[in-house]
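What follows is one structure encoded as structure tokens, with my remarks underneath.
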Amino acid sequence: MASEVNPRHNDALKGLVLPTMPESLQQVQAEQAKAEADGDRITAIIAGDVSLAAEVLKTVNSPMFRRRQAISSIPNAVMLLGLDNVLNVVAAVALRNTMDCGQNKLLLTRFWDTAGDVAFAAAVLARELSGVPADMAYTMGLFHDCGIPIMMCRHADYIDVLRTAEQAGSRPLVELEQERYGVHHAQVGYAVSHAWNLREELCSAIGNHHHFPYMMAHDEAFDELVLSLIALLKMAEHISNEFRGTAFRNGVDDVEWERVGMLALGHFDLEPDDFADIVANIIQQLGQS
């Protein structure tokens with residue numbers, strides 16, 4: 001196994017239509033990249049996209065950010081969160097707004113509901129267990145499986161592959177995808193996150209999030225932030241499954257948790273009993289959101 005996923009050289013990606021980065025996000029990134037970014041300009045860009053602005057406010061007012069008072073305006077959101085945090089939030093909510101192939105509506109709705117749960121749980125875990133910024137963990141949670149709806153839209157038989165991967169004793173989903181399509185969803189997710197100019201650590205974590213056992217066995221070869229992002233993700237996926245029960249890809253993630261759960265907890269020196277308390281707390285928060 002290569003130490004890094006690099007799908008830019010994978011010919012199988014050429015047949016997939018990747019979501020185009022929204023112009024508003026391109027403008028925000030361009031402004032944020034300047035030596036002296038103009039917060040007022042970024043505020044104006046976000047506010048000018050009505051649907052994006054509404055989603056940003058919904059996100060920043062979620063329990064993830066633990067604000068005592070609701071943030072009612074984009075200027076306040078930018079001021080309180082900071083430009084880097086706002087950029088991650090904008091990227092995360094823009095992703096969902098741009099990915100809809102018009103097919104499998106119910107499955108896509110379930111997918112995004114589950115992704116939202118995972119993103120929320122990852123952010124809470126990041127704040128309580130690690131030095132990983134909560135907004136970065138949130139972005140990881142929302143982007144990590146974005147290759148799935150893309151492949152679902154491209155391949156009419158993709159649902160069959162998902163169902164096969166849920167069966168007991170099945171090979172991992174990424175292996176089934178690779179065998180049938182020559183590419184797997186984590187590679188597609190890497191391509192999307194890279195095209196959307198996310199931080200390289202996020203891109204690497206997204207592309208490698210099904211390689212966690214290998215990475216932990218060779219942890220000296222990997223960035224600590226990448227390992228932490230994946231460990232948080234695996235715990236968050238488990239929490240989402242515990243919360244929803246019949247969540248999208250529930251069987252797939254449950255099977256993987258059996259293989260990687262103790263590795264994820266061990267990365268943060270977390271005992272199972274202590275994690276059980278954290279799980280119960282986050283599930284309670286998810287039920288209230």
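Worth pointing out:
- Among the residues listed as LYS58, LYS105, the single one being modelled with pLDDT under 80, among the basic types (Lys, Arg) and out of contact with any Ser or Thr (no Cβ under 6 Å at 6 or more places or on another chain): LYS105
- So ILE206, is it of a type in the set (A, V, I, L, M) and closer than 15 Å to HIS144 by Cα: yes
- Only one of MET99, MET64, MET1 that is surrounded by 17 or more Cβ atoms within 10 Å (Cβ to Cβ), in contact with a Phe, Trp or Tyr (Cβ under 6 Å, 6 or more places away or on another chain) and either modelled with pLDDT of 80 or more or closer than 24 Å to ILE230 by Cα (or both): MET64
- Residue count, the stretch 198-235 (criterion: surrounded by fewer than 21 Cβ atoms within 10 Å (Cβ to Cβ), touching a residue at least 12 places away in the same chain (Cβ under 8 Å) and under 24 Å from MET21 (Cα atoms)): 2
- For the stretch 115-132, the count of residues that are touching a Phe, Trp or Tyr at 6+ places or on another chain (Cβ under 8 Å), polar (S, T, N, Q), on the phi < 0 side of the Ramachandran plot and touching a residue at least 12 places away in the same chain (Cβ under 8 Å) is nonzero.
- Among the residues making up the stretch 23-45, those that are under 21 Å from CYS146 (Cβ atoms) and either surrounded by 20 or more Cβ atoms within 10 Å (Cβ to Cβ) or of a type in the set (Gly, Ala, Ser) (or both) are SER24, LEU25, VAL28.
- Filtered residues of the stretch 167-197 (kept if over 30 Å from ALA30 (Cα atoms), exposed (fewer than 15 other Cβ atoms within 10 Å of the Cβ) and modelled with pLDDT under 90): GLN167, ALA168, GLY169, ARG171
- Applying the set (1) buried (at least 20 other Cβ atoms within 10 Å of the Cβ); (2) within 19 Å of MET136 (Cα to Cα); (3) of a type in the set (Asp, Glu) to ASP84 leaves exactly one unmet item: (1).
- Any hit, the stretch 185-199, residues being basic (Lys, Arg), assigned to a helix (DSSP H, G or I) and out of contact with any strand residue (DSSP E or B) (no Cβ under 8 Å at 6 or more places or on another chain): no
- Residue within the stretch 159-178 that is farther than 25 Å from ALA119 by Cα, among the polar types (S, T, N, Q) and in contact with a Lys or Arg (Cβ under 9 Å, 6 or more places away or on another chain) present: yes
- Flag for GLU55 being crowded, with 17+ Cβ neighbours inside 10 Å and of a type in the set (Asp, Glu): yes
- Checked against the criteria, ASN10 does not count as modelled with pLDDT of 75 or more and surrounded by 14 or more Cβ atoms within 10 Å (Cβ to Cβ).
The values are calculated or read from the model by the stated rules, or taken from the named source; none is laboratory data. If you're wondering where the values come from, they're calculated on a predicted model, not measured in any experiment. For neighbour counting, all protein chains shown are included, and Cβ atoms are generated from backbone atoms with ideal geometry for every residue, glycine included.
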